[in-house]
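The structure appears right after this line, and notes come after that.
Computed from the coordinates by the stated procedures, all read-outs in this text should not be read as laboratory data. Keep in mind it's a predicted model, so treat the numbers as computed, not measured. Glycine gets a Cβ as well: all are built from the backbone with ideal geometry, and neighbour counts include every protein chain shown.
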Ligand code: C2O
Ligand code: CU
């Protein structure tokens, strides 16, 4: 079931590029007449960052996470990026259906911003939600170049009392290595450099051995899929929540009984996180920014690289940590939520083990809210993306090919309903992302959640549908930055 659209082959078709007049037309259609402009500046720069008890030399937007950008739906973001890095860079605005020429993909939507140069991004933010931004050059993201981008909905009913944005990360530095060296090592040695240590396996809880480990809602997912050491290839000394290590965590002042809306963002390069609040249930409200629900509250939610979940919990009488355990890697990060005078104490190993054994929601448990569900429709075109790797040189491919921006991608036409079938032919996690669109996941539960990034578990196939309503050239790729950079990317091409 590869491309089934009629007409001539893609190679004979003229692509609708990022500078097409159609891009201006699509932007004009989503920009409200009275749109106000939110202007900011960002400087990508080398510097020292305190991760909580350890200071590292790295690249960032001046702090970790980068400064939060907060807009209202329909506002225009004007962001001037100053590149003070020794390499070219860009910014990609992850999850936003924006104009194609502002998508930040070098060679595809713009030339990369050279070292020492500036570039101004300007686009309308058409939807509210929890988004984020990062470079789309090499593995720069994994050095600390990322930040949250929140688009508020002026019509939000606000069924919560306070908001806590948490950006999760896996941190490579500390051993004198950097992400480029790690990628070079992976390419040189195949899997032997990173290789998730099997020594992290024994502390995985035995699934199904006690009543508390049952996982309703997991469908026929193999138990090993959620617990295997297959989330990533890279070994990280630290895991961070809002830029802090678990031994010296960030904290948040709340009051007992307050309902806190968590906006969880996984900015990790190679790590899925299982996130929960010990002793409090999570009520899912959004997936990748779009209103959604789960059948029930749960103790934990699984978040792949690039994915976001918003969830509300009620602060107990004593403070609690929000805990994020690195799936299959044996480390964690946390943010302490204090309850008035009752300060949260940091998570201990017991809490971590409990979270690992807890009922954990995955994409299969979510449904989209009716107002954001796509109408059922037979797709006009279906494209398979067969995900394979790693090859001998750590090559990861889509449909047998490593990414090449000059090659024909997967053709779509404006107005089509498009189905993508992500076929995971490997034993690893692949969080697959589509730029410029939000798709609807097809699954056991209908309607499935609206998302822009969906974690494809080992040996699984996931189908997603979207309406081709944003002309241009759009990447679809694995958000494990090492897989993506090693070739697991392709282009959805409007023709
Ligand atoms: Cu978060 Cu192609 O990116
Ligand atoms: Cu991958």
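Tell me which residues, restricted to the range 454-485, are away from ligand 2 (no atom under 11 Å from the Cβ) and part of a loop (DSSP other than H, G, I, E, B). Don't jump to the end; show me each part of the working.
Just the residues of the range 454-485 that are away from ligand 2 (no atom under 11 Å from the Cβ), to begin with: 454, 457, 459-476.
Those that are away from ligand 2 (no atom under 11 Å from the Cβ) and part of a loop (DSSP other than H, G, I, E, B): 457, 459, 460, 468, 469, 470, 471, 472.
Here is a yes/no grid of residues against (1) away from ligand 1 (no atom under 16 Å from the Cβ); (2) surrounded by fewer than 19 Cβ atoms within 10 Å (Cβ to Cβ):
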site	(1), (2)
394	yes, no
398	no, no
401	yes, yes
409	no, no
422	no, no
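For residue 79, indicate whether it is touching a residue at least 24 places away in the same chain (Cβ under 8 Å), crowded, with 20+ Cβ neighbours inside 10 Å and in a loop (DSSP other than H, G, I, E, B). No. Here residue 89 meets the list (1) surrounded by fewer than 24 Cβ atoms within 10 Å (Cβ to Cβ); (2) within 28 Å of residue 439 (Cα to Cα) almost entirely, failing just condition (1).
Going by what's in this entry, would residue 153 be described as within 14 Å of ligand 1 (Cβ to nearest atom) and out of contact with any strand residue (DSSP E or B) (no Cβ under 6 Å at 6 or more places or on another chain)? Step through it out loud before you land on a result.
On the way: within 14 Å of ligand 1 (Cβ to nearest atom): no; out of contact with any strand residue (DSSP E or B) (no Cβ under 6 Å at 6 or more places or on another chain): yes.
Criteria not met by residue 153.
Examine the range 108-119 for a residue that is crowded, with 24+ Cβ neighbours inside 10 Å, within 21 Å of the chain's Cα centre (by Cα) and part of a strand (DSSP E or B), and state whether such a residue exists. Scanning the range 108-119 turns up no residue that is crowded, with 24+ Cβ neighbours inside 10 Å, within 21 Å of the chain's Cα centre (by Cα) and part of a strand (DSSP E or B). Which residue pairs have Cβ atoms under 7 Å apart, sit 6 or more places apart or on different chains, and have a first residue in the range 439-453 that is more than 19 Å from residue 96 (Cα to Cα) and a second that is assigned to a loop (DSSP other than H, G, I, E, B)? Listed by first residue and then by second, the contacts come to 442/448; 444/219; 447/373.
Where strands (runs of 3 or more DSSP E) sit wholly within the range 227-300, those with at least 3 residues that are within 21 Å of the chain's Cα centre (by Cα) occupy 238-241, 259-266, 273-276, 283-287, 290-294. Residues that are within 11 Å of ligand 2 (Cβ to nearest atom), within 19 Å of residue 308 (Cα to Cα) and outside any strand (DSSP E or B) within the range 418-442 comprise just one, 429.
Can you spot a residue in the range 349-359 that is away from ligand 2 (no atom under 16 Å from the Cβ) and assigned to a loop (DSSP other than H, G, I, E, B)?
Start the filter on the range 349-359 by keeping residues that are away from ligand 2 (no atom under 16 Å from the Cβ), which leaves 349-359.
Going one step further and asking which of them are assigned to a loop (DSSP other than H, G, I, E, B), we end up with 358-359.
Looking for residues that are away from ligand 2 (no atom under 16 Å from the Cβ) and assigned to a loop (DSSP other than H, G, I, E, B), one finds at least one in the range 349-359, hence yes.
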